[in-house]
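Asks: Sending over a structure as structure tokens; questions will come in a sec.
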Protein chains: 2
Amino acid sequence: MPGIIKERLFTPGPTPLLMEAQARTLVAANVHHRTEAFRQLMRETLEHLKYYFNTQNDVLIFASSGTGAMEGSISNLLSPGERILVGTAGKFGERWFGLAEAYGIEVVKVEAPYGHPLNIAEMKGRLEKDGPFRAVYIQATETSTAVSHDVKALGEIVKAYPETCLVVDAITGLGTTELRPDEWGLDIVIGGSQKAVMIPPGLAFASVSEKAWGLIAKAKLPRYYFDFAKERKNQAKGETSYTPAITLIISLHAALEYIRKMGRENLIANAALLAEMTREAAQALRLKLFAVSSPANAATAICAPDGMDSGAIIKELRSRFGAIVANGQGSMKGKIFRVAHLGYYDAADLFAVVAALEVVLLKLEHRVELGSGVRAAEEVYLRHCR
Amino acid sequence: MPGIIKERLFTPGPTPLLMEAQARTLVAANVHHRTEAFRQLMRETLEHLKYYFNTQNDVLIFASSGTGAMEGSISNLLSPGERILVGTAGKFGERWFGLAEAYGIEVVKVEAPYGHPLNIAEMKGRLEKDGPFRAVYIQATETSTAVSHDVKALGEIVKAYPETCLVVDAITGLGTTELRPDEWGLDIVIGGSQKAVMIPPGLAFASVSEKAWGLIAKAKLPRYYFDFAKERKNQAKGETSYTPAITLIISLHAALEYIRKMGRENLIANAALLAEMTREAAQALRLKLFAVSSPANAATAICAPDGMDSGAIIKELRSRFGAIVANGQGSMKGKIFRVAHLGYYDAADLFAVVAALEVVLLKLEHRVELGSGVRAAEEVYLRHCR
């Protein structure tokens, strides 16, 4: 150890923990979930989640990672023989394929190349020509490419189909981009705990609209652990169907109080500011952004310089500065690296990682003007924060 | 709250906590100090402290702030009617005056102007002409001005006086600057917990040489709580004379293990690197350093631009970026601000605070080139870390 190097997460999940929320679990060594005190905490947490999701719909909590709620959005909505429309533009979009396949559900795909947002007009055309579809599946932000999709436009389209639900994986979209599930017709919105809500992995969330409840009542695919209707009934009483992840819910309650105090819109604005700072810093350092358009606020995907493996950048950032950034996934591995902005990150964090990146790039013989990336980030800060 | 702003200490004590050390206290809810397990921990901690102090002398631990051990270095060494020589160049040096006065001890002063190191030749002259002195008091680093004194040179001089001890307040010197108490003749060296050792305030340390023990045996000033000889006897058995600050000692043990693993010399090199980065960054931002020469590694004192109150810089750093830096003390208040490097700070921390400073200076209408301070810091990093 050559002096002090602090580990710093800059990954799009897990994200840095809000220690005030984490600390609450330390004074909760003897909490039982079948008590009125816990029910009260659970009810409050569910109310806070509605605020966080910006919805009046039910929001359910599961002890699982986000993928569990994604599975639930398949198994609860569909019946054997039904077909779904899936829009994908990256590794998380492709997860819908595996889930559908596991349940024998036929998928019609609309795909955008990695780095591009989905073409919503193309999805509209598919809905019109290739239907009926019981549900449409999409990401709010595709974390693997750091691109946002226009879920609002898609919601307006799907609204016209009373027998079709729109399911949005907003695992990294929540807290980083404006979502109006009720106005836009986002019937199921999925979240996870290790993202902008600043707590550890282990909880999945799903908001469910009245339209979705109607279809769920008729859906015949098998489900047990992720049974939305059963969970709705129990959670209305502050109960859960199975043992809840008690400490995570205690953290969640505290983190959501912090977010309510800050304001959901300020959490989103924070991510947007950091994302813009990062984009301008990267460009000042002569690095290309992977997102061709519609970059996400949740994270920024940056291309390694030609001929350089992004893994080398990631390794040096970690060993020299303790900064942990994410590599690309699948075919993007080695080509890009991803710096996250979702949740508990601030401007000073960003200055630190950009300066660290400047040093690392120079060491790897990418010609950069030291300080120029930080300057670009500072200029963005100054434009927005007077 | 306009988005996320994390609080970050950049003060020369308290310093950021090593959470691995802090966490140990959380699994120690039922520790009693009159047990063999605690005695074992105490003995190990005292051994670790010897490593940290770089000495074979006894090192004692007190439940007090550093000032308590400073008082003990007066009350244990001296008898009524004896005189001491005090070298001072700032607010912490001046503390010796108050301590001596409280015990009716006559002081001969050697003073350097704020921002300057002590003139050791002048101290030598005083020792020769104005003695005898029972003890000489000095700081290793004067935290209020962020200047280091040449304790090695002074030690060589005082060694020649068998009836005179050299007492060094190394509260911010330990872990930031090389000290060789045994070779250099530093008879009593004083430390505190909330400094480079990365734990909270509440513990004072004092190493005591054989020469000092000899004088302590004859010293007549009253002492009770800070009775070094009594504490030596108890601590040799892993006991303390009065109730020890249990959780702080548990943290201390863990933090010293971390430091042993890193290497004392690497902890010092870390502070030296960050201090050099800060000095060059400040100069790139056209800010004057307060230390005219011999700047400390523990912290860097930077002058506010002409006509600007340093309090304005401090306020903006805190409100915009959560960065807490120290103002000047006494007559230096409003003129300087101090950025600390002692203990748990790393290069990425420094990049963050320098970038934050650039933004704040620009907002306060000090003309700076954005990114230039960070660049200067990066260049220092690159010179030292290949």
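What follows is calculated from the coordinates using simple rules that are stated; it is not laboratory data. Predicted, not measured: the structure shown is a model, and the values here were computed from it. So basically every Cβ, Gly included, is an ideal-geometry build from the backbone, and we count neighbours across all protein chains shown.
Asks: How far apart are the residue A:111 label points across copies, placing each 7 Å from Cα toward Cβ, in nm, shortest first?
Replies: 8.0
Asks: At q = 0.05, 0.08, 0.11 Å⁻¹, work out log10 I(q)/I(0) for the protein assembly as shown with the Debye formula, treating every Cα as an identical point scatterer and leaving solvent out; two decimals please.
Replies: -0.33, -0.74, -1.14
Asks: Along Cα-to-Cβ, 7 Å out, sits the label point; list in nm, shortest first, how far the one on residue B:32 is from those in the other copies.
Replies: Taking the point 7 Å beyond Cα along Cα→Cβ, the inter-copy spacings are 3.0 nm.
Asks: Something else about it: Given the pairs A:288/A:315; B:211/B:237; B:109/B:152; B:129/B:159; B:333/B:363, which are separated by over 25 angstrom at their Cα positions?
Replies: Values: A:288/A:315 19 Å; B:211/B:237 22 Å; B:109/B:152 19 Å; B:129/B:159 16 Å; B:333/B:363 21 Å.
Correct reply: none exceed it.
Asks: A further question follows. Counting DSSP beta bridges in the protein assembly as shown, what percent are antiparallel, to the nearest 5? List each step's numbers first, then the result.
Replies: Working: 44 of 82 bridges.
Expressed as a percentage, antiparallel bridges in the protein assembly as shown total about 55.
Asks: At a threshold of 8 angstrom on Cα-Cα distance, excluding pairs fewer than six apart, so keeping six or more, what relative contact order does region B:19-262 reach in percent? Kindly include the intermediate steps, with their values, before the conclusion.
Replies: On the way: 488 pairs, mean separation 75.0, N = 244.
Reported relative contact order: 31 percent.
Asks: Every other copy gets compared here: list the nm distances from the residue A:218 label point (7 Å along Cα to Cβ) to its counterparts, shortest first, one decimal.
Replies: 10.3
Asks: When a footprinting reagent is the concern and you count Cβ atoms within 10 Å, what order do B:99, B:289, B:350 take, fewest first?
Replies: Values: B:99 21, B:289 18, B:350 26.
In increasing order of surrounding Cβ atoms, one gets B:289, B:99, B:350.
Asks: Could you tell me which helices of chain A pass both thresholds, a Cα extent of 27 Å or more along their own axis and a mean Kyte-Doolittle hydropathy of at least -0.5, with helices taken as whole DSSP H runs? Provide the component values of the computation, followed by the final result.
Replies: Details: long enough: A:264-284 (30 Å, -0.01).
The qualifying helices are A:264-284.
Asks: Just to verify a number: FRET efficiency for residue A:111 and residue A:261, C-beta to C-beta distance, R0 = 60 Å, to 0.05? Numbers along the way, then the final one.
Replies: Numbers: r = 41 Å, r/R0 = 0.68.
According to the calculation, E is roughly 0.90.
Asks: What is the distance in Å between the Cα centroid of region A:1-61 and that of region B:22-50?
Replies: Here the answer is 32 Å between Cα centres.
Asks: Now for a separate question. Using a 10 Å cut-off around each Cβ, can you sort B:19, A:42 from fewest to most neighbouring Cβ atoms?
Replies: Working: B:19 13, A:42 23.
Ascending Cβ contact count within 10 Å gives the list B:19, A:42.
Asks: Suppose R0 equals 25 Å. What FRET efficiency, 1/(1 + (r/R0)^6) with r the Cβ-Cβ distance, do residue A:386 and residue B:333 give to the nearest 0.05? Walk me through the intermediate numbers first.
Replies: Numbers: r = 28 Å, r/R0 = 1.13.
Calculated transfer efficiency: 0.30.
Asks: Can you give the % of DSSP beta bridges in chain B that are antiparallel, to the nearest 5? Mind dumping the intermediate values first?
Replies: Numbers: 22 of 41 bridges.
Antiparallel bridges: around 55 percent, rounded to the nearest 5.
Asks: Quick one: in chain B, what % of C-alpha pairs are over 26 Å apart?
Replies: On the way: 38617 of 74305 pairs.
Cα-Cα pairs of chain B separated by over 26 Å account for 52 percent.
Asks: So, one more: Multiply the residue gap between residue A:56 and residue A:29 by 0.36 nm, knock off their C-alpha separation, and tell me the result in nm, one decimal place. Write down the numbers at each step before the final one.
Replies: Values: separation 27, 0.36 × 27 = 9.72 nm, distance 3.29 nm.
Value of the extension gain: 6.4 nm.
Asks: Go from 0 up to the bin containing the longest alpha carbon distance in region B:234-377, width 10 Å each, and give me the % of pairs per bin.
Replies: For region B:234-377, the pair-distance distribution reads 11, 36, 26, 16, 8, 2, 0.
Asks: Per 0.36 nm of contour for each residue apart, how much would the distance between residue A:225 and residue A:40 grow if the chain were fully extended, relative to their Cα-Cα spacing?
Replies: Working: separation 185, 0.36 × 185 = 66.60 nm, distance 2.30 nm.
Taking residue A:225 through residue A:40 to full extension adds about 64.3 nm, to one decimal.
Asks: Moving to a separate point now. Using R₀ = 41 Å, calculate the FRET efficiency as 1/(1 + (r/R₀)^6) where r is the Cβ-Cβ separation of residue B:20 and residue B:102; round to 0.05. Working shown, then result.
Replies: Numbers: r = 39 Å, r/R0 = 0.95.
My answer for the efficiency is 0.55.
Asks: Looking only at region B:51-69, which residues have a backbone nitrogen under 15 Å from a spot 7 Å from the Cα of residue B:242 in the C-beta direction?
Replies: B:61-69
Asks: I need B:130, A:58, A:187 ordered by Cβ neighbour count within 10 Å, fewest first. Each step should come with its number before you reach the end.
Replies: Working: B:130 12, A:58 21, A:187 29.
The order, fewest Cβ neighbours first, is B:130, A:58, A:187.
Asks: State the percent of C-alpha pairs, over all pairs in region B:1-72, separated by a distance greater than 19 angstrom. Working shown, then result.
Replies: Values: 1522 of 2556 pairs.
That fraction is 60 percent.
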